[in-house]
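The values are calculated or read from the model by the stated rules, or taken from the named source; none is laboratory data. Because the structure is predicted, anything quoted here is derived from the model rather than measured. Positions of Cβ are backbone-derived with ideal geometry, glycine not excepted, and every protein chain shown enters the neighbour counts. Surface accessibility is based on the protein's heavy atoms, side chains included, excluding ligands, DNA and RNA. Shrake-Rupley method; radii C 1.70, N 1.55, O 1.52, S 1.80 Å.
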Amino acid sequence: MKAGIALLLALIWLPLAGYVMFRPALGALAPYLLLPSIPAVILLYGIAVRSWRESRVAVFGVTLVCFWLLMAVTAPYLPLLDPNKPIAPFVAPGGIKHGVLFLLGSDMRGRDVLSRTLWGCQRVLVWGITATSVAYVVGAGFGLIAGYLGGWWDEFVSFAGNVLLSFPVMLLFILVLNLLGQSGFNIIIAVTCSSAPVIMRIVRGLALDARSRDYILAAQTRGEHPLWIMWVELLPNVRGPLIIDACLRLGYTTVAITTLTFLGLGLQPPDPDWGLMIKEAATAALLWKYSYMLIVPAVSVSSLILGFNLIADGTREMSLRD
Amino acid sequence: MRNLVVRRAIQMLLIMLTVSLLLFAIFDSDQFREKAAVAELGGFGIATLSADDYHEWLQKKGLNEPFLARYAQWLKAVAHGDLGRSVEKDVAVATLLKESLANTAILAFFVLLGLIPIALTLGVLAGMNEGSRLDRVISVAAVITTSIPQIATAVLLTVILALGLGWVPAKSAMTDGWSFRPLVLPLLTLLLYDIGYLVRMTRAAMTEVMASQYIRTAVLKGLPPWRVIMKHALRNALVVPVTLIFLELNGLLSQVVVVEVFFQYAGFGRMLFDAANFGDIQVLQAATLVAIAVAVVSQLLSDAAYTFLNPRVRFK
Amino acid sequence: MSPPAEHALLPKLRQQLERGVLSRREFIRFATLLGMAAGTAYAMAGVAAPVMAGGTLPFPAAEPGAKRGGKLRVGEMVARMEDPATYNWNEMANQTRPMLEYLTMVGADNVVRPMLMESWKASADLKVWTLTVRGGVMWHNGEELNAEHVAWNIRRWSDPALGSSNFGLSTFAALTELTGAKDPKGRALRRPLKNGVEVLDSHTLRLNLAQPVLSVAEDCGEFCTLVVHPSFKPPLSRNPIGTGPYTLTELRVGDRCILKRVEKTTDGRDFKYWGGEVYLDEIHFYHYEQDNQAAALASGSVDAIYELSVEQIELAQSIPGAKILSVETAQTLCCRMQVDVKPFNDIRVRRAVVKAADNPAIKKLVFGNHGTVASNFHVSPVHPEYFPLAPVVRDVAGAKQLLKEAGYEKGIDLNIVVGNNDGPWQQAACEALRDQVKEAGINLTVTVVPATKFWEIWTKVPFGATSWAHRPLGTMALAQAYRSGASWNESHFSDPEFDQALSDAEATIDVQARKAKMQKVEQILQDAAVVVQPMWRPVFILASSKVYGYKAHPARQMQLNKVWMG
């Protein structure tokens, strides 16, 4: 079962990340890359609904997140207009201009808002999930080192974490992105710098707590290597609070990515991106009659974050009940 | 308590030293020097300089000095209370810092003024009657407002309140001196998110208390429900939210960056953003030190509040 | 003062005008360049001149009903005011212009008029220029402006070590010579000419240039050539001494810049402005980011804004009591390819890119009915020496064929870097280019970098889209951007034949002969396929209807001396 879920996740994430990060390099392969991910998302949704079925809140959250995942992997196959092609500016939602129907209207440069929104979720999802995962690997790694090994390791890692945490988050983002350049990969680094210390603290606390437990002592007497013990015995046993934190953190990261793009510091145009759509709307669409350009991406990004938040809430609720 | 304060103070100093050294190191690269030159001379201007003239220019601006020397100089000045001068704005950093902190403090004051009563009331009301319709409405509203990114709230509020209804100015630059109306949009943007967050925390704490043994006992004893809540439940339920409010002070420093930049409010966040983008190192140093101090002090306050409010800790 | 003697070419220009060889517009441009007063030139061309204040004053005549008093609030990015010679934002110059002034003023009609320099006269070979400084101009410290002051400024602008973009202007570059040495990067070093700037008497000076230069008057009105007092030490904001009617009273970068009318000189006398009546008591610049300026005007926080982007026109039209003003310019976007970097070192690749692009379609997409289509040789129809080459025609099949010959049958992947320093329209143009060249098998990706980052790399990227400012003469941009080894030669284009042809054109005074010579220059550049240059952009500004006399300027220079509030 666990291996199955891991496989599904890999089937979704690897092609999607490859598609978003390296599309030009993929060449002729690109159009087919995302095909296997579509059944994987549907299957994953089924499994998720089953395992969270006790919490209506969580099921709703899972539905929202899976909807965007599905949009991300199916966008290339849907009958959408080219998201970057200017056709006719300022067409109201449902309007037809030049023989083209704009279901959600067109933006100030004449691009279709619907297709920009659906394509836009790719970038946010891929960079958000990747950045959070990397932050988790780094944070959990250091947290285990600090918590399990203790002593000078603990002192050093904790101090380094405190140093990073003492920066206001935005400053950390701006510094990293200005220093290393503005790209998705550097957003990963920025998010890691700001999130990993928090994760490190949580994992460290859990590890300290778990260190004295029987199963660790048993492993130690079996003569297993500390690193092995940490990854294989400790981490799975402290995963409950981590899942909740991870969902919340996915939400924060999504906010961070859209905000950075909005401030002109994050992912660079021209590819569609929710933060960018909000930014462009903030320039040209400040009137009520054009506000669909703003509301559509705003609702989209909020619904994704809401999805992550609800999963976290539902999981917490379930863990309290147990 | 005194031990705790001393330990935190020492830790804070250590962190400040490390962070300032890090910042200096970051801004000591050739890349940064070129950025500074472009900021001052422009792309077309710098392209007219020969390699030698470029180096001479760097020398003249003091950008070529070894970084340890510059760091030592800066440390010495700071130890004498001189925070330096902003390269971009040509103002003493102390002045800049004082003004922007005052502006952000005003904003924070009004945020807390709105946040505390509204969020605590809603949170307690929801947590008191877990599962009721009121609880569900409040909980749903809270989780939704915490899910909307502040940039979206900010733009949407501008469209409706400023350009649509014309009630408040679109930007908070306050060019005609201080007034409350321009503060409305940033305030609402911050409140919408923060209220949702604090309501959820308060509600969680309240439901936990309501489910506890001693409240059940009190109710069983036949005490009127409002007395149970006022006398027993509230005090215990508010421990967590109150400590969170103090921590929120620190969170605000980060949140205000987006809001202040968008609404062009001349506060700490915008100063930080400008300085980081321009590479105004002295401003950045001072601002970061302030941020660290705020982080440590708010942590201390929150610990103190926890100790003070929580009977189990106090009587130990 | 006696009228300055006419330039030898003027009678000939008149003749050409009469024969119809020279258009009226061209005549006015050339005659004013060579020292004829704008009013005279307009009169001679038989065109109704804009109503001017009379005499040699560069300002329009007083409007009936113009009221004295009040303050103008302008929304723009409030920038530092360090050293006018190294200004790199238009906004910096806008904040300074009410206080410091230029030797000449390029008006909104693109005609150059005398300002601190009352008249100028060129020798027949355009190498010796005699400049007359206006009499009776008072500094804010009570001194009178004289030739020494002006010479001090011109020498400063010609200093290669200053890092001023003025050094890229023909006049000031022609006041230097090659030392013969090169720096480690292979750039030829220059030093100031010994006897370049000569002061003849209290109000006359002479420039002895190393090469013929036609654009002395226009170079002296470029945005970095604000005249400072010789006691100047940067930053300007701390010690502002100027000749303008206003002085700086408060500067808070990123917040506000306040200028007030000068009443008394610093030595206690009444200050008298040479340019006649000015109306506003105060000019306030308030900081609003480019994206926010229209919204700030809509909520009544400012009366006028620096620039309105083309996407904001819809928004601006629905703001009650606001008017949109616009002007056509010679500002442009050059998508230039470095001719010595693979794959652009193969001319077939460059030609394929150029052939696959559809310039009129790009212009239409980005600016609709505004702006002018350009044809890849960086000389605009507003330039007097413009020779109209046949417009470039899109030829996708031809582009494919060229790519095939160059060995890219399966298509080619290219990447263009754009900085949006002049606004998001640049990116829109690059995206349109991307969509067009795709049909020819060119996979173009558009990399957008932040504006500040772009200026760090603009001369280094193989394929980049650079915005070039308005320049009054066609030869100016060509000399700066395409002559072998020029500081701003971002494409590394180097062709001795082109250099020679350009020098010939620059030294040719006769307009018809010059135009004929420009044909060769333009043709070489167009054939070399160095740039895709889709359009000449328009400039839009927005002002409240209470503001009078506020005009859109092709180089976005704000001239507020005669603006008044109704």
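On alpha carbon coordinates alone, what is the Rg over Rh value for region A:8-64, Rh being the Kirkwood radius?
That ratio is 1.14, to two decimals.
Determine the relative contact order of chain B: mean sequence separation of Cα pairs under 8 Å and six or more apart, normalised by residue count, in whole percent.
About 23 percent, as a whole number.
Taking θ = phi - 60°, what integer Hz values does the Karplus form 6.51 cos²θ - 1.76 cosθ + 1.60 yield along region A:205-210, in sequence order, with x for Gly and Pro?
x, 5, 5, 4, 5, 7
Quote the FRET efficiency, to the nearest 0.05, computed for B:Val5 versus B:Val140 with a Förster distance R0 of 45 Å and r equal to the Cβ-Cβ distance.
0.60
Let me cross-check A:Ile38: its accessible surface, 1.4 Å probe, with only protein heavy atoms counted, in Å² to the nearest 10?
Rounded to the nearest 10, the figure is 40 Å².
Give me the net charge for the shell around B:Met210: Cβ to Cβ below 10 angstrom, other residues only, Lys and Arg +1, Asp and Glu -1.
Surrounding charge for B:Met210 is -1.
Please report the equivalent ellipsoid semi-axes of region C:211-319, computed as sqrt(5 x eigenvalue) of the Cα gyration tensor, largest first, in whole Å.
One finds semi-axes of 31, 22, 15 Å for region C:211-319.
Search the structure for amide H atoms under 5 Å from the amide H of C:Leu189, placed 1.01 Å from N in the peptide plane, and list their residues when 5 or more places away or on another chain.
Counting only residues 5 or more places away or on other chains, the set is C:Thr179, C:Gly180, C:Ala181, C:Lys182, C:Asp183.
Just for the Cα atoms in chain C, what are the lengths along the principal axes, largest first, rounded to whole Å?
78, 56, 53
Starting from the 7 Å offset along Cα-to-Cβ, what nm value, one decimal, do you get for the label separation of A:Ser319 and B:Ala102?
Inter-label distance under the simple model: 4.7 nm.
Can you classify region C:68-284 as rounded, prolate or oblate using the Cα gyration tensor, where a ≥ b ≥ c are the square roots of its eigenvalues, rounded means a/c under 1.5, and otherwise it's prolate if a/b beats b/c and oblate if not?
Prolate, since a/c reaches 1.5 and a/b exceeds b/c.
Report the local net charge at B:Val78: Lys and Arg +1, Asp and Glu -1, summed over other residues whose C-beta lies under 14 Å from its C-beta.
In short, +2.
Given a 1.4 angstrom probe, what's the average accessible area per residue across region A:124-250, in square angstrom?
Result: 42 Å² of accessible area for each residue.
Percentage of Cα-Cα pair distances in the protein assembly as shown greater than 39 Å, rounded to whole percent?
Of all Cα-Cα pairs in the protein assembly as shown, 55 percent lie more than 39 Å apart.
Under the classification rounded if a/c is under 1.5, otherwise prolate if a/b is larger than b/c and oblate if not, where does region A:229-322 fall, given a ≥ b ≥ c as square roots of the Cα gyration tensor eigenvalues?
oblate
Show me the ranking of peptides C:364-371, A:256-263 by mean Cβ neighbours inside 10 Å, starting with the highest.
A:256-263, C:364-371
Looking at the calculated P(r) for region B:106-221, what percent of the C-alpha pair distances fall above 25 Å?
Tail of the P(r) past 25 Å holds 37 percent of the pairs.
Please report the spacing between the Cα centers of region C:84-114 and region C:172-197 in Å, no decimals.
27 Å
Order B:77-88, B:251-262, C:275-286 from most to least packed using the mean count of other Cβ atoms within 10 Å.
Peptide ranking by packing, descending: B:251-262, C:275-286, B:77-88.
For A:Ala10 and A:Arg53 in the same chain, what is the full-extension length gain: residue separation times 0.36 nm, less their Cα-Cα distance, in nm?
Using 0.36 nm per residue and subtracting the Cα-Cα distance, I get 13.1 nm.
Looking only at other chains, what is the average number of their beta-carbon atoms within 10 angstrom of each beta-carbon in A:284-295?
Counting other chains' Cβ atoms within 10 Å and averaging over A:284-295 gives 6.
Which whole-number percentage describes the relative contact order of chain C, with Cα contacts under 8 Å and a sequence gap of 6 or more?
With pairs under 8 Å counted, the relative contact order is 19 percent.
From zero outward in steps of 10 Å, how is the percent of C-alpha pairs of chain A spread across the bins?
With 10 Å bins starting at 0, P(r) equals 6, 23, 30, 25, 11, 4, 1, 0.
How crowded by other chains is B:251-257, given as the mean number of beta carbons from other chains within 10 Å of each beta carbon?
Neighbouring Cβ atoms belonging to other protein chains average 4 per residue here.
Rolling a 1.4 Å sphere over the protein heavy atoms, what is the accessible area per residue of region B:95-268, to the nearest Å²?
Solvent-accessible surface per residue comes out at 43 Å².
Please list 3J(HN,Hα) in residue order for region A:114-119, calculated via the Karplus relation 6.51 cos²θ - 1.76 cosθ + 1.60 where θ = phi - 60°; whole Hz, with x for glycine and proline.
Result, rounded to whole Hz: 4, 6, 5, 5, 5, 5.
Per-residue mean of other chain beta-carbon atoms within 10 angstrom of the beta-carbon, peptide A:255-264?
Mean shielding by partner chains, rounded to a whole number: 5.
Short version: ³J(HN,Hα) in whole Hz for each residue of region A:41-58, in order, from phi by Karplus 6.51 cos²θ - 1.76 cosθ + 1.60 (θ = phi - 60°), x for Gly and Pro, what are they?
Along region A:41-58, the couplings run 5, 5, 4, 4, 4, x, 5, 5, 4, 5, 6, 9, 4, 5, 10, 5, 4, 5 Hz.
For the protein assembly as shown, which whole percent of the accessible surface, found with a 1.4 angstrom probe, sits on carbon and sulfur atoms?
That share works out to 62 percent.
Under 26 Å Cα-Cα from B:Lys76, which lysines qualify once same-chain neighbours fewer than 8 residues away are excluded?
B:Lys60, B:Lys61, B:Lys89, B:Lys98
If amide H atoms are built 1.01 Å from N in the plane of the peptide, which residues on other chains or at least 5 residues away come under 5 Å of the amide H of C:Val302?
Correct list: C:Leu297.
Can you pull the one-decimal nm distance between simple spin-label points at C:Ala43 and C:Lys71, each 7 Å off the Cα toward Cβ?
It is 4.2 nm.
If you take the beta carbon distance between C:Thr204 and C:Asp270 as r and set R0 to 30 Å, what does 1/(1 + (r/R0)^6) give as a FRET efficiency, to the nearest 0.05?
0.60
Shape call for region A:124-250 from the C-alpha gyration tensor, a ≥ b ≥ c root eigenvalues: rounded (a/c under 1.5), prolate (a/b greater than b/c) or oblate?
The shape class here is prolate.
Quick one: if the Förster radius is 56 Å, what FRET efficiency do B:Lys221 and A:His225 give, using the C-beta to C-beta distance and rounding to 0.05?
That pair, B:Lys221 with A:His225, gives E of 0.45.
What length, rounded to one decimal in nm, is gained on full extension from C:Glu263 through to C:Ala390, with 0.36 nm per residue of separation minus their alpha-carbon distance?
Taking C:Glu263 through C:Ala390 to full extension adds about 40.0 nm, to one decimal.
Viscosity 1.306 mPa s, temperature 10 °C: what is the translational diffusion coefficient of chain B from Stokes-Einstein with a Kirkwood Rh over Cα pairs, rounded to a whole number of µm²/s?
Diffusion coefficient, whole number: 70 µm²/s.
First select every other residue whose beta carbon is under 11 angstrom from the beta carbon of C:Thr225; then total the charges, Lys and Arg +1, Asp and Glu -1.
So the environment of C:Thr225 carries a net charge of -3.
Over 18 Å, how big is the tail of the calculated P(r) for region C:150-207, in percent of all Cα pairs?
In whole percent, the long-distance tail amounts to 35.
At q = 0.10, 0.11, 0.14, 0.24 Å⁻¹, work out log10 I(q)/I(0) for region C:38-138 with the Debye formula, treating every Cα as an identical point scatterer and leaving solvent out; two decimals please.
Reported log10 I(q)/I(0), two decimals: -0.41, -0.49, -0.78, -1.34.
Taking the full set of protein chains and a 1.4 angstrom probe, give the accessible area of B:His55 in square angstrom, rounded to the nearest 10.
100 Å²
Using only alpha carbon pairs under 8 Å that are at least six residues apart, calculate the relative contact order of region A:210-322 and give it in whole percent.
Over region A:210-322, the number comes to 26 percent.
For A:Gly95, which sequence-distant residues (separation of 5 or more, or a different chain) have an amide H within less than 5 Å of its own amide H, given hydrogens modelled in the peptide plane?
Here A:Phe102, A:Gly105 satisfy the definition.
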